[in-house]
Amino acid sequence: MKKINITTKAILFDDISQLSKEDAFLIEKATEARQKAYAPYSKFNVGAAILLDNGEVILGNNQESAAYPSGMCAERVAIWKAGSEYPNMKVKKIAITAASENTKVDKPVGPCGACRQTLSEYEINQKEPIQILFMGEVGQIVKTESLLSLLPFSFDSSYL
Ligand code: THU
């Protein structure tokens, strides 16, 4: 038997002013996307902005449905939009912001498990890390240098 430690490196920024120009721009784009979210049931609006290596920015937001489980997260809307429009393009980074109509979201909102799994497929295929930036409506921003660092012991096609 052996105990192991798994560590994840992340950078915590106090606010958007501490980010690089590119990262701040992408966070702003995610917030722009968030304003168009369709989340009448949860009232939790999420926006995602993806920067491709050709400089293109792809936006997505959560889309809900009266049949609740049929909705989709912002991150997957954005990554599938990117994958379907630019199948050969690499993803450099994704920024995510979230705001609730019920309460002030003042801590970083990380991507859900299903979104991490979905994004990992793209990181593995492109053989280059995807940087992840996420925040709430206000407050700190978390940045990690790769998606897989958020998904230890992940499932991938090698098991199939
Ligand atoms: N949501 C996202 O868009 N991304 C996440 O990573 C977590 C949750 C959405 C799904 C749903 O529309 C709402 O937030 C509340 O769960």
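The table for this structure:
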item	result
Qualifying residue in region 77-95 (condition: open to solvent by less than 40 Å² (accessible area, probe 1.4 Å) and either at pLDDT below 95 or assigned to a loop (DSSP other than H, G, I, E, B) (or both))	no
Where a residue in region 71-100 is of a type in the set (Phe, Trp, Tyr) and its partner, wherever it lies, is crowded, with 20+ Cβ neighbours inside 10 Å, with Cβ under 7 Å and at least six apart	none
Selected residue (criterion: least open to solvent (accessible area, probe 1.4 Å)) from residues of region 146-160 that are farther than 26 Å from Ile11 by Cβ and of a type in the set (Phe, Trp, Tyr)	Phe155
Verdict on Val77 being within 19 Å of Leu12 (Cα to Cα) and either away from the ligand (no atom under 16 Å from the Cβ) or of a type in the set (A, V, I, L, M) (or both)	no
Complete set of residues in region 27-52 that are part of a helix (DSSP H, G or I) and within 16 Å of the ligand (Cβ to nearest atom)	Ile27, Lys29, Ala30, Thr31, Glu32, Ala33, Arg34
Filter pass, Ser17 being open to solvent by 20 Å² or more (accessible area, probe 1.4 Å), in a helix (DSSP H, G or I) and within 17 Å of Gly139 (Cα to Cα)	yes
Pairs, first open to solvent by 20 Å² or more (accessible area, probe 1.4 Å) in region 42-54, second of a type in the set (A, V, I, L, M, F, W, C), C-beta under 6 Å, six or more apart	Asn45/Ala37; Asn45/Ala39; Asn45/Ala99; Asn54/Met89
The listed residue being more than 19 Å from Lys9 (Cα to Cα), small (Gly, Ala, Ser) and in contact with a helix residue (DSSP H, G or I) (Cβ under 8 Å, 6 or more places away or on another chain), out of Gly136, Gly60	Gly60
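Residue-wise test of (1) in a strand (DSSP E or B); (2) closer than 25 Å to Phe25 by Cα.
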site: Pro111; (1), (2): no, yes
site: Ser120; (1), (2): no, yes
site: Asn125; (1), (2): no, no
site: Pro129; (1), (2): no, yes
site: Leu133; (1), (2): yes, yes
site: Val138; (1), (2): no, yes
site: Phe153; (1), (2): no, no
site: Ser158; (1), (2): no, no
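The values are calculated or read from the model by the stated rules, or taken from the named source; none is laboratory data. What you are looking at is a predicted structure, and each value in this text was computed from that prediction instead of being measured. Positions of Cβ are generated from backbone atoms using ideal geometry, with glycine treated the same way; all protein chains shown enter the neighbour counts. Surface areas here come from the heavy atoms of the whole protein model, side chains and all, with no ligands, DNA or RNA. Shrake-Rupley method; radii C 1.70, N 1.55, O 1.52, S 1.80 Å.
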